[in-house]
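What follows is a short report on a single structure.
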Amino acid sequence: MDKHLKARTPWHLWVVGIVSLAWNAFGANDYLQTQLGNLAYFESMMDGIEATPQQALAYFQSYPAWVHAAWAVGVWGAVLGSLLLLLRTRFAVHAFALSLLGLATTTVYQMVVGQPDWVQNTTTTIITIVIWSIATFLLIYAASMRSKGVLR
């Protein structure tokens, strides 16, 4: 495609952008509630988990600062990526790549250090797979839109 011609914005970009922003806003809220130590939020999320909100909060607060930083990069990179996708800028690709880097760092940390028994369950595994799948899809999608000239 001639670099002077702008590709028409496909309808699915708006769907992917809006849905991804809503999805990533949930992750941002989770991050914020954890960082703010909101026990009421933890209590609402603990249904079926054999731990108290205080234990869950203590677990996340025990992460080293560099893991909190990686978590922040993952969460806020994803939110930024969604916004940049909606703005049709090529920098969405960079934001989603940073998001995946943050996700990879926190995932590796959790695997190496280990998690409490109440964290290790089928639901947690499924959620992790879903998060990885969506984050990977968003990076590939943004890169595809960039290569087609949709993102400037």
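Give me the pairs, please: first residue somewhere in the stretch 39-50 and of a type outside the set (Asp, Glu), second residue anywhere and surrounded by 13 or more Cβ atoms within 10 Å (Cβ to Cβ) and at pLDDT 80 or above, beta-carbon distance under 6 Å, and either six or more positions apart or on two chains.
Correct list of pairs: LEU39/PRO53; TYR41/GLN33; PHE42/PRO53; PHE42/ALA56; PHE42/LEU57; MET46/PRO53.
Given (1) hydroxyl-bearing (Ser, Thr, Tyr); (2) surrounded by 15 or more Cβ atoms within 10 Å (Cβ to Cβ); (3) within 26 Å of LEU151 (Cβ to Cβ), where does THR9 come up short, assuming only one miss?
Exception for THR9: condition (2).
Output the number of the condition that ALA28 fails; it satisfies all remaining conditions of (1) open to solvent by 40 Å² or more (accessible area, probe 1.4 Å); (2) modelled with pLDDT of 95 or more; (3) not hydroxyl-bearing (Ser, Thr, Tyr).
Only one criterion in (1) open to solvent by 40 Å² or more (accessible area, probe 1.4 Å); (2) modelled with pLDDT of 95 or more; (3) not hydroxyl-bearing (Ser, Thr, Tyr) is unmet by ALA28, namely (1).
Give the number of residues within the stretch 66-84 that are out of contact with any Phe, Trp or Tyr (no Cβ under 6 Å at 6 or more places or on another chain) and β-branched (Val, Ile, Thr). Walk me through it before giving the result.
Within the stretch 66-84, the subset out of contact with any Phe, Trp or Tyr (no Cβ under 6 Å at 6 or more places or on another chain) is 66, 68-74, 76-80, 82-83.
Those still in the list that are β-branched (Val, Ile, Thr) too: 73, 79.
Selection size over the stretch 66-84: 2.
Go through the stretch 114-138 and give me each residue that's open to solvent by 40 Å² or more (accessible area, probe 1.4 Å), in a helix (DSSP H, G or I) and in contact with a helix residue (DSSP H, G or I) (Cβ under 9 Å, 6 or more places away or on another chain).
THR128, ILE131, TRP132, ILE134, THR136, PHE137
Go through the stretch 80-91 residue by residue and tally those that are open to solvent by 20 Å² or more (accessible area, probe 1.4 Å) and part of a helix (DSSP H, G or I).
Of the stretch 80-91, the ones open to solvent by 20 Å² or more (accessible area, probe 1.4 Å) are 80, 83-84, 86-91.
Then keep just the ones that are part of a helix (DSSP H, G or I); that gives 80, 83-84, 86, 91.
Total meeting the criteria: 5.
Any residue in the stretch 79-90 that's farther than 15 Å from ALA7 by Cβ: show its pairings with residues that are open to solvent by 30 Å² or more (accessible area, probe 1.4 Å) and modelled with pLDDT of 95 or more at Cβ separation under 6 Å, as long as the two are six or more apart or on different chains.
Close Cβ pairs satisfying both conditions: SER82/LEU21; LEU84/PHE91.
If I ask for residues that are open to solvent by 50 Å² or more (accessible area, probe 1.4 Å), more than 22 Å from the chain's Cα centre (by Cα) and more than 17 Å from VAL113 (Cβ to Cβ), which ones from the stretch 44-66 would you list?
ASP47, GLY48, ILE49, GLU50, THR52, GLN54
The values are calculated or read from the model by the stated rules, or taken from the named source; none is laboratory data. This is a predicted model, so every value here is computed, not measured. Virtual Cβ from ideal backbone geometry, glycine too; neighbours counted across all protein chains shown. SASA here: full protein model, heavy atoms, side chains in, ligands and nucleic acids out. Shrake-Rupley method; radii C 1.70, N 1.55, O 1.52, S 1.80 Å.
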